[in-house]
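Comments concern the structure below.
The values are calculated or read from the model by the stated rules, or taken from the named source; none is laboratory data. Small disclaimer: the values here were computed from a predicted structure and weren't measured. Here the Cβ positions follow ideal geometry from the backbone for every residue, glycine too, while neighbour counts run over all protein chains shown.
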Amino acid sequence: MNYMRTALLLAALTGLFLAVGYVIGRESGLVIAFFIAMATNLFAYWNSDKMVLSMHGAQQVDQASAPEFYGLVERLAKQANLPMPKVFIMDNPQPNAFATGRNPQNAAVAATTGLLEQLSPEEVAGVIAHELAHVKNRDTLIMTMTATIAGAIGMLGNFAMFFGGGRDRGGGLGPIATIAMIILAPIAAMIVQMAISRTREYAADRGGAEISGEPLWLASALKRIDSAAHQIENDTAEANPATAHMFIVNPLSGARMDNLFSTHPATENRIAALMTLAQTMGRSRPAGQAEPTAAPRGEPPGPWDTPGDAPRQRRGPWS
């Protein structure tokens with residue numbers, strides 16, 4: 001159902017883009033809009049991941065520079081049957097994370113220093129599993145395409161000011177219609193974009209919980225990230241608000257409401273869904289609680305432990 005809804009919303013966004021082109025210039029405007037859509041999507045397909053990572057000052061790390069975090073991503077990727085993504089860290093005090101990349105073979109996972117310093121290893125594992133679920137579901141490509149098309153619709157709305165013309169031109173817009181186009185087209189695109197984003201977040205929450213095997217890890221992480229996001233400003237996200245929908249929790253300041261104008265579902269609704277999932281999976285141990293020396297049969301290993309390794313004493317997660 002989620003995939004069908006996403007496909008319908010993406011089709012609606014593309015249809016809106018072409019419709020704006022047709023209204024502006026009839027058949028010729030439709031053709032121009034089509035080629036603009038093709039060009040912007042091709043550019044986004046090949047370059048969006050690099051652009052987003054650069055916007056947020058993300059630095060790539062490896063096993064030598066961030067062994068515990070890199071090892072965690074590696075183990076969760078194996079559990080998800082995914083290729084190892086590139087791993088990045090953003091120097092930002094707000095706990096948050098996102099994934100990007102055009103496909104699982106060219107994916108990247110980025111986490112802020114705030115996330116790695118403020119959350120427990122289990123909670124970080126829940127967050128990374130969520131981002132890997134986005135990669136597995138190819139949401140990173142879907143969200144890049146929606147952001148690109150939505151931006152292009154806004155650009156066409158501005159073109160209407162120059163090419164709208166008068167009523168006597170047949171294919172042109174009158175002044176009132178032109179103003180309406182400039183205002184309403186980007187708003188409609190934003191609503192569809194946000195609806196797609198919210199749909200994919202619920203799917204990634206469930207997928208991430210299945211990858212880690214512990215829905216409560218992600219539930220606890222979402223609660224802590226949401227609380228911190230209200231108190232710690234994310235300067236790079238505020239400067240690049242078009243990327244806000246990519247983060248696991250909305251990084252922008254302001255009220256977070258579960259409606260069409262929110263890039264993310266309400267955190268309490270996501271937590272409630274994860275709690276219900278935890279009950280169906282038989283998971284009840286609170287996130288962040290140290291695991292017993294010998295994990296019960298069927299339980300996943302601790303996020304910092306390689307399966308088969310002897311249990312080790314926990315330190316600060318990044319020390």
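Considering only residues that are closer than 24 Å to Ile142 by Cα and of a type in the set (D, E, K, R), which ones fall in the range 227-247? Correct list: Glu238 only. When we screen Thr178, Thr146, Thr140 for residues that are surrounded by 20 or more Cβ atoms within 10 Å (Cβ to Cβ) and either at pLDDT 95 or above or touching a strand residue (DSSP E or B) at 6+ places or on another chain (Cβ under 6 Å) (or both), the only hit is Thr140. Strands (runs of 3 or more DSSP E) fully within the range 40-115 that include at least 2 residues being farther than 20 Å from Arg224 by Cβ, among the hydrophobic types (A, V, I, L, M, F, W, C) and in contact with a strand residue (DSSP E or B) (Cβ under 9 Å, 6 or more places away or on another chain): 58-61, 86-90. Evaluating His230 against the criteria (1) crowded, with 24+ Cβ neighbours inside 10 Å; (2) at pLDDT below 90; (3) part of a helix (DSSP H, G or I) leaves one unmet condition, (1). Scanning the range 24-80 for residues that are basic (Lys, Arg) and at pLDDT below 95 yields Arg26, Lys50. Can we say Arg224 is modelled with pLDDT of 65 or more, of a type in the set (Lys, Arg), buried (at least 18 other Cβ atoms within 10 Å of the Cβ) and under 16 Å from the mean Cα position of the chain (by Cα)? Considered against the rule, which asks whether it is modelled with pLDDT of 65 or more, of a type in the set (Lys, Arg), buried (at least 18 other Cβ atoms within 10 Å of the Cβ) and under 16 Å from the mean Cα position of the chain (by Cα), Arg224 comes out as no. Here Gly316, Gly213, Gly298, Gly302 are screened, and the one residue that is over 16 Å from the mean Cα position of the chain (by Cα), at pLDDT below 90 and farther than 24 Å from Glu117 by Cβ is Gly298. Taken over the range 62-74, the residue count meeting the criterion of being over 21 Å from the mean Cα position of the chain (by Cα) and not hydroxyl-bearing (Ser, Thr, Tyr) is 7. Ala242 falls short on exactly one of the conditions (1) modelled with pLDDT of 80 or more; (2) of a type in the set (A, V, I, L, M); (3) closer than 27 Å to Ala107 by Cα, and that condition is (1). Are there any pairs, at least 6 apart or on different chains, whose C-beta atoms fall under 9 Å, with the first in the range 60-82 and more than 17 Å from Phe98 (Cα to Cα) and the second of a type in the set (Ser, Thr, Tyr), and if so, which? Listed pairs, sorted by first residue: Asp62/Tyr70; Gln63/Tyr70; Ala64/Tyr70; Glu68/Ser319; Gly71/Thr306; Arg75/Thr306; Gln79/Ser212. For the range 70-119, residues that are over 25 Å from Leu252 (Cα atoms) and of a type in the set (A, V, I, L, M, F, W, C) total 7.
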